[in-house]
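Computed from the coordinates by the stated procedures, all read-outs in this text should not be read as laboratory data. Here the structure is a predicted model, which means the values were calculated and not measured. Reconstructed Cβ throughout: ideal geometry from the backbone, glycine too, with neighbour counts over all protein chains shown.
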Amino acid sequence: MSVTVRAPAKINLHLGVGSLGADGFHPLATVYQAIGLYDDVTVHDAPSWAVEVRGERHVRVLDVPADDDNLAVRAGRALLAHHGLERAARIEIHKGIPVAGGMAGGSADAAATLVALDRLWDLQTPDDDLLEVAGRLGSDVPFALLGGTALGEGHGEQVSAVDDAGAWWWVAVLSDRGLSTPEVYRRFDERLDGLRLPAPEVPGALRVALGQGDPGRLAQTLANDLQAPALDLRPDLAAVFEAGASVGALASLLSGSGPTVLMLCDGMPHAQEVTAGLTALGHESVLAAPGPVAGAHVVEYA
Ligand code: ATP
């Protein structure tokens, strides 16, 4: 028997970052949205842990560890430890989410594995326990379980759904190499040069724009505190932001810690136009995706 679970990429409509805390984490105030780029994770009972990684053309699968470092395997082991069980599984990952692109693909795989193994082994883990195990695996993992549009607090792992009346369309411009999240945070700290920031907050205007489902309003409230440090590390990305403006995107925003750049569009036909415009300008990996979409969910029992 096998179970396949699909989990979405995440973007951050607002990513407010505070000063590094004594616990080694940066406090975050973020609004996540799950968008329609997915990884599928299939699990089978097996005598020992194994993982295989495949993916779509735009995904650099060779950058994903195919051993115990894979977040999916770590998730499987964490779920078993939670239940005090000893078992193992073979995990097949089919990636549609860019690797090291600031869209939390590894976290999506971890969330998908938690749900898939829970169903494969009929563990009946309560949702709150799954969220807790997820939060220990990584800041973005609980959101990959929840999906939709959600507020993220703490270091992003404390998630709660947010009212979202929109049917948004995004265009994601991928980069030919990844950007390390820890390096972007280090640059963020360097830029502060010892200055202590107030606790980060999500602006009320963003919640209003989401509640109204108004792309023009949302475009004015998108913000990411990691954008400036990421652009310090990757000044070439400035050209992608300029390209977004020149093809008429409503707004451009760095996705998480980058290097993917997101462009907000005014519906699907506009997203297709923006995609075509960017492709004509020579951008090779450009994907259009709707949001919000569901969190990790079973797509097949076989
Ligand atoms: P972060 O979640 O740290 O913001 P990201 O969204 O930019 O990162 P991911 O695709 O999640 O990027 O991958 C970050 C790194 O995690 C990769 O470079 C890879 O080495 C490692 N990794 C471990 N497991 C996985 C996995 N299942 N899928 C993708 N990357 C993984």
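What ranking, highest mean first, results for peptides 274-284, 114-124 when packing means the other Cβ atoms within 10 Å averaged over each residue?
Going by the mean number of other Cβ atoms within 10 Å, highest first, we get 114-124, 274-284.
Using only the Cα atoms, work out Rg/Rh for the chain, with Rh taken as the Kirkwood radius, to two decimals.
0.96
Given only helices, namely DSSP H runs of n ≥ 4 each adding -39500 (n - 2.57), what is the per-residue ellipticity at 222 nm of the chain, to the nearest 500 deg cm²/dmol?
The per-residue figure over the chain is -10000 deg cm²/dmol.
Which residues among segment 142-170 fall inside the zone where the amide N is under 13 Å from a point 7 Å beyond the Cα of Asp23, along Cα→Cβ?
Flagged as within label range: 153-159.
Order these peptides, 179-185, 243-249, by their mean beta-carbon neighbour count within 10 angstrom, highest first.
Listed from highest to lowest mean packing, they are 243-249, 179-185.
Out of every Cα-Cα pair in segment 168-290, what percent are more than 17 Å apart?
59 percent
Can you give the extra length, in nm with one decimal, that the chain gains between Gln212 and Arg90 once fully stretched, where that is 0.36 nm per residue apart less the Cα-Cα distance?
39.5 nm
Mind checking the full-extension length gain between Arg57 and Ala276? Use 0.36 nm per residue of separation minus the Cα-Cα distance, one decimal, nm.
77.0 nm
How would you classify segment 1-117 from its alpha-carbon gyration tensor, with a ≥ b ≥ c the square roots of the eigenvalues: rounded for a/c under 1.5, else prolate if a/b is greater than b/c, otherwise oblate?
Oblate.
With a Förster radius of 35 Å, plug the Cβ-Cβ distance of Met1 and Ala245 into 1/(1 + (r/R0)^6) and report the FRET value to the nearest 0.05.
0.10
Looking at the chain, do any whole DSSP H helices span at least 20 angstrom along their long axis by alpha carbon and average -0.5 or above on Kyte-Doolittle, and which?
Length and hydropathy pass: 105-120.
Evaluate the distance, in nm, between pseudo-label points positioned 7 Å from the Cα of Ala161 and of Leu197 along their respective Cα→Cβ axes.
Here the answer is 2.9 nm between the modelled labels.
Quickly work out the His297-to-Ala66 label distance, labels modelled 7 Å from Cα along the C-beta direction, and quote it in nm with one decimal.
Simple spin-label model gives 3.1 nm for this pair.
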